[in-house]
1. Which whole-number percent gives the relative contact order of the stretch 1-107, counting Cα pairs below 8 Å spaced six or more residues apart?
2. Fewest first, what order do Y75, Y11, Y159 take by the number of other Cβ atoms within 10 Å?
3. Just the C-alpha atoms of the stretch 28-131: what Rg/Rh do they give, with Rh taken as the Kirkwood radius?
4. Eight or more residues apart or on different chains, and alpha-carbon atoms under 24 Å: count the Lys pairs in the stretch 27-183 matching that.
Amino acid sequence: MTIKQDVLFSYLIPALLSLFAGVFAFNKDIKISNIFSKIDRKQAVDLGNLLIGVSLFFDVLPLPGIKSIVSFTYYLKYIGVMCFLFAPSGRNYSVIAIIYLLLVREALQGGIFIDFFMWSTYLFLIVSLRYEFSLRLRALFIVLAVPLLILIQSVKYEYRKATWSGKRETGVELITELAVEKEKQRDDPFNQSEGVVRTVGRLNQGWHLGMVLRWVPSHESFSNGELAIFSNDLNSRARACAAVGPTCLIDNATKILHKGLVLAALN
């Protein structure tokens, strides 16, 4: 049964707000200050320097055929700067600021913002635990982050279209200009705006992906041959579709993958 968008969001948004309100209102605080106090300052700095050094080394290493290595080492710098949180100093805070400014620059230049949001969230979680932010302060940060998330979701397509073609310069100014233009053209209520719809869609995708990633490793016995059965099913369908054309192959492969993800998520 198809549900109209306005009906869905009239239930979905209050339900999500109630969910998060319940999580924050009845959460159980876990004191980890004793664990953090046992972290050696010098070891934290040494580990941070090592991770950042390895990451930057492979970032600038002009060797072909190492993209698979760089795809892993690239993210080590963000883990490294989190180590500096356990050794407060002007130098360490400066390194954290520089690394995250580079992250912002790469997000603006490439028009891909997932790394910025992901590593900013991780940094916020570590900082809030490290300095024992109160519930009110944590909630304030989240409330302030939501408009930025909705803003990026609402204009990212137009931003990429304008910058990837080389017609416009990347930067915050372009994002602001696109947001103002879209706001002038918007006729729908805010909860039905493109930014809110895209944001909720992304959160929904992340929720289901998280369910799959949590379920599969501990409940799906791929090592006992189930993966082979899955592959054989796909191969048999591929052979049957060979005479029909690529559309048939894509359709059947999509059905198999979708079925597997749905079963893993629901179980």
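1. About 24 percent, as a whole number.
2. So the ranking, lowest neighbour count to highest, is Y11, Y75, Y159.
3. 1.01
4. 9
Computed from the coordinates by the stated procedures, all read-outs in this text should not be read as laboratory data. Note that the structure is a prediction, hence the values are computed from the model and not measured. Please note: Cβ atoms are built from the backbone with ideal geometry, for glycine as well, and neighbour counts cover all protein chains shown.
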